Protein chains: 2
Amino acid sequence: MIKVALIGSGNVAKHLFEVFSMNETIEVVQVISRNEAALKNFGESVNTTVNFSRIAEADIYIIAVSDDAIHAISQLLRYKKKLIIHVSGNTSIQILSDHKRNGVFYPLQTFSKKRKIDFSDVPICFEANNEADSILLEKLAKSISSKVYNVTSEQRKALHLAAVFVNNFTNHLNHIASRICNENQLPFEILRPLIRETVDKLELLSPYEAQTGPARRGDKKTLEDHVGQLKNSTHKEIYAVLSKSIQKTYGKKL
Amino acid sequence: MIKVALIGSGNVAKHLFEVFSMNETIEVVQVISRNEAALKNFGESVNTTVNFSRIAEADIYIIAVSDDAIHAISQLLRYKKKLIIHVSGNTSIQILSDHKRNGVFYPLQTFSKKRKIDFSDVPICFEANNEADSILLEKLAKSISSKVYNVTSEQRKALHLAAVFVNNFTNHLNHIASRICNENQLPFEILRPLIRETVDKLELLSPYEAQTGPARRGDKKTLEDHVGQLKNSTHKEIYAVLSKSIQKTYGKKL
C-alpha cells in the first residue's frame with residue numbers, strides 16, 4: 001500500500017484524489033488545503049485539514065497547487081525525510097531541492113471540473129532525484145495508468161510547451177471557427193465530424209503527411225479570399241502567420 | 001434511381017464514387033477525366049472516358065475537380081438541360097450560371113487517399129438554383145449521409161474558412177508539437193490522449209468554455225518561458241499571436 005497525502009484542492013488534486021481513492025494499492029491519508037470550502041468537495045471519508053502543522057504521515061506528499069505556490073507550500077512540509085513531489089509540467093524538480101527526496105508526477109492531460117477522466121489512458125511523466133524514489137513513483141504511476149514515462153525536467157518543459165500547441169491553441173482555433181459559424185447562422189455542430197477526422201487521421205499519418213488546404217497547395221487566391229472574409233484583425237494575423245508557417249514547412253514561397 | 005456522372009479523378013471524386021457505388025438508389029453511369037491513368041483507379045465495373053464529347057446521359061453531372069478548373073470543365077458539358085453541380089467549398093454556385101440548372105454538393109470533410117471515410121457522418125452542404133433541384137440534391141445527400149444542410153454560397157464560403165481553422169491550422173499546430181517532441185527525444189504518441197481529449201471535451205463544453213492554459217490565466221511568466229524555448233522564429237510568432245488572441249477573447253491585458 002502506498003500512502004499519499006495530497007496538498008491542494010484544485011482540479012488536478014481532485015482528479016488525482018478520485019483515481020487514487022478507487023485504487024486498492026493506494027491510500028489517500030489526507031488532503032491538505034488552505035481553502036476550507038474546496039476541501040468539502042473531497043467528501044466525508046477522507047481526513048482533511050487546513051492546518052499545515054497537522055499534516056499526517058505518508059509515503060509521498062503530492063503538491064498539486066498553482067506553479068507559483070509550489071515552493072512556498074513545500075516549505076510548510078515538516079516531514080523532511082519523506083518524498084515530496086509536485087505535478088507541474090513547467091516547473092523543474094529543482095524547486096523542491098530543499099527536500100532531500102524530491103520528484104515530479106506530471107499527468108499530461110487537460111482537466112476540467114465537469115469531465116471525468118479515464119486515467120488509464122493519461123500519460124504520467126515522472127522524475128525523481130534517486131533510484132529508489134524513481135521506482136516508487138513508477139509504481140504509483142503504473143497503478144493508475146498504462147502510459148508511464150520517465151522524463152527529465154527539460155523534457156517535461158518541452159512537453160508542456162507542446163501541450164499548449166495541441167490543446168490550448170487548437171481549442172482557440174475551434175473557438176474562432178465557432179464564431180465564424182455563429183456570424184453566419186450555422187451550427188458549430190456542422191464542423192464536428194471534420195474536427196474528429198483531423199485527429200483520427202493521425203492514427204495513420206504523421207501531422208506532416210496529413211497537411212492539406214490552401215496554404216499547403218500554395219493557393220494564393222483562396223488565402224487572400226479567406227483573409228478578406230475575416231472581420232477580426234487578430235484573427236487575420238493568426239490566419240496569415242499560420243499560412244506562412246505551413247508554406248515555409250513545405251517550401252512554398254508566399 | 002438517381003443517375004450521376006462524375007467528372008474528375010481526384011480524392012473527392014474517388015470517395016464520392018465509392019459511396020455512390022455502394023448505394024442502391026444511385027447509379028454512377030460514367031466517370032470522366034482527362035487523366036487516363038487516374039481513371040484506372042475506378043475499377044473495371046464503371047464506364048470511364050477521357051473524351052468529353054462522349055459523355056453519357058445522367059440526371060446529375062458532378063464536377064469534382066480543382067476550384068480553378070470548374071468553369072472550364074463546365075463549358076465542356078453538352079447536356080444543357082441537365083443539373084450540373086460542383087463540390088467546392090469556396091466556389092459560388094454562380095460559376096455554373098451558364099447552365100440553366102446548377103447546384104453545389106459540398107461534403108465538409110478532409111479526404112486522403114489512404115483513409116476510408118464513413119460518409120453517413122459527413123455533413124453534406126447542398127444548394128440549388130430552383131426548388132425541384134434542391135429536392136433532388138437533398139435526396140442524393142440523404143441517401144449517403146445523415147447530416148444534410150441546405151446552405152447558401154455565402155454560408156458555404158464561411159464554412160470553408162472555418163474548416164481551415166479546425167483542420168489545416170490545427171494539423172499544423174500538431175506538426176509543430178511533433179517537432180518539439182522530436183527535438184527532445186520524446187515520442188509524439190505521448191500527446192495523443194491530450195489531442196483526443198481536446199476534441200472530446202467539446203461534447204460537453206463550448207470551445208469558449210473549454211479554454212485553459214497560460215494565456216487564459218494571464219500567466220506572463222510561463223508565456224515568456226515558452227517563447228524563449230521555441231527555436232523557430234515563425235513558431236515564436238504563432239505562439240505570440242495565438243496567446244494575444246486568447247487574452248483578448250477573455251479580456252486579459254498583455
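The values are calculated or read from the model by the stated rules, or taken from the named source; none is laboratory data. On a predicted model such as this, the values are computed, not experimentally measured, just so you know. Because the Cβ atoms are built from the backbone with ideal geometry, glycine has one as well, and the counts that use them run over all protein chains shown. Accessible surface areas use protein heavy atoms only, side chains included; no ligands, DNA or RNA. Shrake-Rupley method; radii C 1.70, N 1.55, O 1.52, S 1.80 Å.
Looking at A:Lys220, A:Lys244 in this structure, which one is of a type outside the set (Phe, Trp, Tyr), more than 8 Å from chain B (Cβ to nearest Cβ) and more than 26 Å from the chain's Cα centre (by Cα)?
Result of the check over A:Lys220, A:Lys244: A:Lys220.
Which one of B:Tyr250, B:Tyr208 is farther than 18 Å from A:Lys157 by Cα, of a type outside the set (Val, Ile, Thr), open to solvent by 20 Å² or more (accessible area, probe 1.4 Å) and more than 8 Å from chain A (Cβ to nearest Cβ)?
Details: B:Tyr208 fails: more than 8 Å from chain A (Cβ to nearest Cβ).
One residue alone meets the criteria, B:Tyr250.
Report whether or not A:Ile190 is open to solvent by less than 10 Å² (accessible area, probe 1.4 Å), under 28 Å from B:Asn168 (Cα atoms), touching a residue at least 60 places away in the same chain (Cβ under 8 Å) and within 7 Å of another protein chain (Cβ to nearest Cβ).
Judged against the criteria, A:Ile190 is not a match.
From the set of residues in segment A:193-205 that are within 7 Å of chain B (Cβ to nearest Cβ) and open to solvent by 30 Å² or more (accessible area, probe 1.4 Å), which is farthest from B:Phe169 (Cα to Cα)?
By that ranking, first place goes to A:Leu204.
Within segment B:223-241, can one find any residue that is among the hydroxyl-bearing types (Ser, Thr, Tyr) and either farther than 30 Å from A:Pro214 by Cβ or more than 7 Å from chain A (Cβ to nearest Cβ) (or both)?
Yes, the conditions are met somewhere in segment B:223-241.
Across segment B:143-187, what is the total count of residues that are open to solvent by 40 Å² or more (accessible area, probe 1.4 Å) and within 18 Å of the chain's Cα centre (by Cα)?
Of the residues in that region, 7 qualify.
Just the residues that are assigned to a helix (DSSP H, G or I) and touching a helix residue (DSSP H, G or I) at 6+ places or on another chain (Cβ under 6 Å), please, taken from segment B:182-195.
Listed by number, the residues that qualify are B:Phe188, B:Leu191, B:Pro193, B:Leu194, B:Ile195.
Mind checking which residues of segment A:126-136 are crowded, with 21+ Cβ neighbours inside 10 Å and touching an Asp or Glu at 6+ places or on another chain (Cβ under 8 Å)?
A:Phe126
Select from segment A:211-243 the residues that are assigned to a helix (DSSP H, G or I), open to solvent by less than 50 Å² (accessible area, probe 1.4 Å) and not aliphatic (A, V, I, L, M) and list them in ascending order.
A:Pro214, A:Thr222, A:Asp225, A:His226, A:Thr234, A:His235, A:Tyr239, A:Ser243
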